[in-house]
1. With r defined as the distance between the Cβ atoms of R38 and L96 and R0 fixed at 30 Å, what FRET efficiency is calculated, to the nearest 0.05?
2. Which order results if C48, C134 are arranged by neighbouring Cβ count within 10 Å, fewest first?
3. Could you tell me whether the range 1-48 comes out rounded, prolate or oblate from its Cα gyration tensor? Rule is a ≥ b ≥ c as square roots of the eigenvalues, rounded for a/c under 1.5, then prolate if a/b exceeds b/c, otherwise oblate.
4. Two decimals, Cα atoms only, Kirkwood Rh: what is Rg/Rh over the range 1-84?
5. Taking 0.36 nm per residue of separation and subtracting the Cα-Cα distance, what length does fully extending N63 through I83 add?
6. Set the Förster distance to 22 Å, then compute FRET efficiency between T136 and D13 from the Cβ-Cβ distance, nearest 0.05.
7. Please tell me the relative contact order of the range 9-140 in percent, rounded to the nearest whole number, where contacts are Cα pairs under 8 Å and at least six residues apart.
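Computed from the coordinates by the stated procedures, all read-outs in this text should not be read as laboratory data. What you are looking at is a predicted structure, and each value in this text was computed from that prediction instead of being measured. With ideal geometry, Cβ positions are generated from the backbone for all residues, glycine too; neighbour counts draw on all protein chains shown.
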Amino acid sequence: MRSNLDCGYALEDPPITVPWGLSRRKLAQILGGHGLRRWDNDNFVISCKSLTGLSHELQFRFNVDYGPNHYMLVLYQLPGHDIGQSFHTFQRHLELTFGSPSSSEDTDDSFPYYTWKIGDFTVSHGVHERFVLCETVSIAPPSYSPPLPVRCWRTLAYWFSIESFLIPRLVLLSLIPVLVAIYLLSR
């Protein structure tokens, strides 16, 4: 079976297909009665079932850099699951839903990193270290790559920010008394 993501992400329980491009308000209207929780201003989470019968947490991760209604999906198990067993269970359900991965890479965490290209969507599954080993599955729509001007603007904004100018200068300024003391002692 090969799932079609163009129309949205299909949940099995609750039985709702969540279309892409929803605003935070519209997402809350659609899933609010089904246990949708607000994690913070840019993240919402729901306990649900998808991927051919797998129970998991589903996070809607909004990012304003991509536009007001752009989000990616992150699927994960709550802490306390055996990471190896969870990885293999997720992988089995991902393959049941999306077919064989388009690519796989070996990683340092003894779990491969799998990627599916489904139309313009990217589905990825892997384990990474974030204080402890964490498993994540992400589903990113085609527009979830910031446009070049946004990436360039961020870089330029840092280069010309107070931190990039002041911190090196403050370090140099703090060295002046030390350098004067060294000069005076060497006389």
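1. On the way: r = 31 Å, r/R0 = 1.03.
The computed FRET efficiency comes out at 0.45.
2. Working: C48 23, C134 15.
In order of increasing Cβ crowding within 10 Å: C134, C48.
3. Details: a/c = 2.08, a/b = 1.54, b/c = 1.35.
Prolate is the answer for the range 1-48, as a/c is 1.5 or above and a/b outweighs b/c.
4. Numbers: Rg = 12.9 Å, Rh = 13.4 Å.
Radius of gyration relative to Kirkwood radius: 0.96.
5. Values: separation 20, 0.36 × 20 = 7.20 nm, distance 2.78 nm.
Difference between extended and current length: 4.4 nm.
6. On the way: r = 21 Å, r/R0 = 0.96.
Efficiency, from the Cβ-Cβ distance: 0.55.
7. Here the relative contact order equals 17 percent.
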